[in-house]
1. In the structure shown, do any of B:LYS78/B:LYS124; A:LYS323/B:LYS23; A:LYS85/B:LYS212; A:LYS324/A:LYS357; B:LYS124/B:LYS199; A:LYS179/B:LYS92 have a Cα-Cα gap over 19 Å, and if so which?
2. Using unit Cβ charges (K, R positive; D, E negative) and no other charged atoms, how large, in debye to the nearest 20, is the dipole of the protein assembly as shown about its Cα centre?
3. Running a GNM on chain B with Cα contacts under 10 Å, which residue among B:ILE252, B:ILE325, B:ILE33 ends up with the highest mean-square fluctuation?
4. In the Gaussian network model of chain A, springs joining C-alpha atoms below 10 Å, which of A:ILE47, A:ILE127, A:ILE274 carries the largest mean-square fluctuation?
5. Sequence neighbours fewer than 8 away in the same chain don't count; with that in mind, list the lysines whose C-alpha is under 25 Å from A:LYS13.
6. Any idea which of A:LEU301, A:ILE122, A:SER86 is furthest toward the positive side of the dipole for the protein assembly as shown, if Lys and Arg beta-carbons carry +1 and Asp and Glu beta-carbons -1?
7. Let me know the mean shielding of A:300-306 by other chains, meaning the per-residue number of their Cβ atoms within 10 Å of its Cβ.
8. Determine the shape class of the range A:183-291: with a ≥ b ≥ c the square roots of the Cα gyration tensor eigenvalues, call it rounded for a/c under 1.5, and otherwise prolate if a/b is greater than b/c, oblate otherwise.
Amino acid sequence: MAIDQAVIDELRKEPGMPDIDLSWLREEDAPGIVAKMGKRGLTLDQINTGVYGEVPETATHGTTRSRGSIPRAGVLRTAYFVPEKSDIWADNATLIYEEAAQRQWSSATDIPWETVQPLPDIVEEAICQICTFLTEVEFIAGDAPGQWLKQISPDHYEVALYLISQVMDEARHLDVFRKRALVNGCGLLEAAGATRGLRNVLDSKDFTEMSALMHVLAEGFVQTMFRTGEFIAQNEAEKMIFRLCAQDESRHVGFGVMHLRYVLEHAPERREEIHHYLDRAEQLFGHPTDGGSSGLQEALLITMSGGTGDLDKGAEIAMALNKKQANEYMHRLEVAGLGDRRERMNPAFGMLLDPPKN
Amino acid sequence: MAQKTEKKPAATGNGVSDDLRRKAESKNWPIAIIEKALEGGVKEESLHQAMDAGMTPMQARQMLTEDRKIELGLAWTKVDTERGIRAEVGKKGLTIDAINVGSYADVPDIWPDQTMRPRGAYTKPGAVSMGYTIYSKAEVWSDNLGELYEEAIQRRWAPATDIPWESIAPLPEDRERAIGQILTALCEYNYAVILSLGKWVREVSYGFHEVKLYLSTVLFDAGRHYEAFRKRALANGRGLGVQAPGHRLMPIREAMCYAEMATVVFLMNDSFVLSLYQALAALAQNDAEVELFTLAAQDKARHLAYGVDHTRFLLKHQPERRDEIRRYLNKAEEYLTADRAADTPLREALAIHFGGGLKQIGDGFSKLNDFRHRQLQTYLSRLESAGIEGHENVLWPELAKDL
C-alpha cells in the first residue's frame, strides 16, 4: 500500500514542522518482498529472492551499497573491489556461512580439559610440538582470507560473510592449540618460522590462487590430518579438539572446492593458470629446503606410535595418513573439475595416489 | 600383426636403468631405495620426478620401504622455551587469560619478531618475515582483550534461528519503510567495518595474538549484524531503502594507522551506533526486533569496551598522542555531521520511527533531537572514561549543536 500523498501535504503545513521531503517513500522504490522462514530458520538463501537475489556477474560500483537497495547519486567510493563474480564466487558460500554460524564452539568450555592427564615427557613434548606448528598455521589461515575482505563487493557479500566465518574459525583454532600446549606441563616448542609453502598463500595476488593454495591444498591436508586425529590424540580433550577443528576445516575446504569448480565452469580459460599455481604450491608444500617441518614429522611419529618404543607403528600410520592426504586432495580436485591434475601432480604426492577408479 | 611395444630404458641386472642409476648417484639416493621402489610398483618416471623435485632419500625411504630403522633427531625437544606450564581451568573454563602464565604472559612493548612465531615459542634462525607492520603494543593493546574475546564466543548467536522471526506481523507501510531505511544505513556501516578490519587483522604481529583473536570476533559480529539487519529488512514486505551518503565511512576507510582506525570505529562511531541499537531495542515493534537489537547492542558494547580501554592504554603509555587522537575524533565527527546533513531519508525514517508513524513525524523530530542530545552526552562520557576529558570544548561545531 502506498503512502497517502495527502497526508504528506498536510504534514508540511503543520506549524513548526521542519522541512520534509519523504520522496524516499515513493511506492515504485519499494519492491514487495517477504522472505519466508525455512526449516533452518531465516537463512541467507531464504532472503535471496526477487531483486535481492540477483547477484550481478560484475560489481560495477565501489561503494558500500547493499545489493538491492536504491542507489544514491554522488556517493563516495569506498574501495576497489574484485569486479567479476567468477573470480570470487562459490555457490555454497551461503550454506557454509549459515552452518558456521550454527556450529560455533568455545575452546574454553566445549573441550573436556579435565581429561588431559600427565603423559610421558616425550609424548607430551610431541603433542606440544604439533600444537606449536598448528598455532602457526592457523595464524596464516586467518590472515589470508582477512586480507581479501577489503576487495569483496557488497554485491557479492555472501563471499565476505564466508571469509569472515573462516577468520573466526581460525582464531579459535589458534587459541585451542595454544591452550592445549600450555595445559599439561610442557609449553610451546619450535616454530617452523614461515615455511615457503605457507608464505606462498599470503603472497597470492589472485583470489582463486589464494583459495586453491589455502583451501584446497593446505587446508585439505590439515583437514585429513584432523580427521585422523584419533591416532594423534592421547585423551578425550584432544579427540574433541581434532573433531571440532575438522568440522570447521571441512567448510573451508568445501568453499575452496566449489569456488574452483565455479571458476572452471565460468572461466575455463583459466585452467592452465590454475595448474601453474598448483605446480608451484605442490613443489613448495613441505619442500625439503624449508627445513622447518622435521619437528612436526618426528612429533607425529611419536604420537602415532604412543611413544618412542615402536616407531614402526607410527611410521605405518603416518604413511597411511600421507596416502590419504594425497588421495583426498586428488578427489577434491576431481570434484572441482580438475581431474587432469593427476597427470601432472608433483611426484612427492603423485606417487602416493591410488590408481584412478573406473 | 606386430604389436606396438613401449621402448624400455636399458636396465642393469637388478632392474635399475642406467639413466635412473646415474640420477640416483648424482642425487645421493642409495640404489637400494630405487630397487625397493621399483619392486613396489613405483614407475621409473615417478622416481625421476621425485629426485628432480628435491625429495630427500630419507623422505623416500620413509614412504617406500618397510624395513627401515627410524632415527629421531629430537632437536625440537631441546629448544629454550619455558616448560612446566600447567594452566588451570577456572569457572569460565580454560580461558585465553588463564593460559597467560609464566613467560607466556610477557607481552613486550615492542614485539621483536617479524616471523610467524607464536609468543613463547622458539624459532630457528633464518625464519623469514611475514610482512606485518604493527609491532607496538600501545598501538593495539587493551587489558580487557582476553575477557572480551571469550565473552564474544560464549554469547554467540545465529540470526537464522535465534531471532523469533515469526513474531513479525505486517506493519503499516510508513513504519515498515522507516525501519527498512534505518537498517539500510546500518548494513552499510557494518560492511565498512568489515572492509576495514580485514586489513587490520593481518597487520598485527603474532606477539599480540589476543588482539588478532579479539578482532576476529568483531569481524564476525559485524558480519552477523550485516546479515541480521538485511534479513529483518527483507522479512516483512518492503526491503531495503535508499543508499546512505557514505560520508561517515570515509574516516574508517582512510585510517592510516591502527590507532586512528580504532579511535574512529571503536570509540567514536560505535558509541553513536550503540546508542542507536539501544534505542531501536526500546522502540521495537515485535519480539524479533527486541531480540535482534538487544543482541546486537550486547555485541556492540564489547566493541566499545575495547575502544575505551584501548584509548586509555594508548594515552597512558604514549600521552603525547592525545592531540593526535582528538584530531581523529574531530575528523570522524565532521564526517558524521556531513552524513546527517545529507541523509534526508535516514533522518525522516528515524523521526517516523521515534514518533510512532508518519502522522507523528513532527513529534518524532523532537524525540530525535532529544535522542541525539543523549547520544552526544553518552559519547562525551565514554571519551572521559577513555581518558579524553573536556572534549565538549573542542567538539566539531556542527555536532556541538546537539549539546
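The numbers here are math on the coordinates, done by the rules we state, and not lab data. In this text, all values refer to a predicted model and were calculated from it rather than measured experimentally. Please note: Cβ atoms are built from the backbone with ideal geometry, for glycine as well, and neighbour counts cover all protein chains shown.
1. Table pairs above 19 Å Cα-Cα are A:LYS323/B:LYS23; A:LYS85/B:LYS212; B:LYS124/B:LYS199.
2. The dipole of the protein assembly as shown has a size of about 540 debye.
3. B:ILE33
4. Of the options given, A:ILE47 has the highest mean-square fluctuation.
5. The reachable lysines, counting only those whose Cα sits under 25 Å from A:LYS13, are B:LYS359, B:LYS367.
6. Positive-end residue among those listed: A:LEU301.
7. Mean number of neighbouring Cβ atoms from other chains: 1.
8. oblate
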